[in-house]
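Everything below concerns the one structure shown next.
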Amino acid sequence: MVPPLDGVAAKRTEYAEAGIPHYWVLDISAQPRLTAHRLVDGVYQEIFNGTGVFMTEQPFDLRIDLDSLRKRSRWSEAE
């Protein structure tokens, strides 16, 4: 779930100050979207913002097909 925008900005600042090397926000609305950040010199740099397939080797090997995370409705499951 995506917290309110001001909550996202506050968390990002708090996590950067704590030295957390990676910060991801997953929006699981009708079209799942991931925004991934990496901490560089104390500031988060956006490394991914989108849908489709997200792949990374840091902090671990991971491949996420965001399109496969779409909510299924009762009607789409019957098809």
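The values are calculated or read from the model by the stated rules, or taken from the named source; none is laboratory data. Bear in mind the structure is a predicted one, so any value in this text is a computation, not a measurement. Using ideal geometry, Cβ is built from the backbone for each residue, glycine included, and neighbour counts are taken over all protein chains shown. Please note that ligands, DNA and RNA were not included when accessible areas were found on the heavy atoms of the full protein model with its side chains. Shrake-Rupley method; radii C 1.70, N 1.55, O 1.52, S 1.80 Å.
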(request) Just name the residue that is farthest from Ala9 (Cα to Cα) out of those in the stretch 32-45 that are open to solvent by less than 70 Å² (accessible area, probe 1.4 Å) and not in a strand (DSSP E or B). (result) Pro32
(request) Considering only the stretch 62-79, state which residues are at pLDDT 90 or above and either under 15 Å from Trp24 (Cβ atoms) or in contact with a helix residue (DSSP H, G or I) (Cβ under 6 Å, 6 or more places away or on another chain) (or both). (result) Leu62, Arg63, Ile64, Leu66
(request) For the stretch 46-66, enumerate the residues that are part of a strand (DSSP E or B), within 13 Å of His22 (Cα to Cα) and open to solvent by 100 Å² or more (accessible area, probe 1.4 Å). (result) Glu46
(message) Where the second residue is surrounded by 10 or more Cβ atoms within 10 Å (Cβ to Cβ) and at pLDDT below 90 and the first is over 30 Å from Arg38 (Cα atoms) and lies in the stretch 60-79, which pairs have Cβ atoms under 9 Å and are six or more apart or on separate chains?
(response) Ser76/Arg70
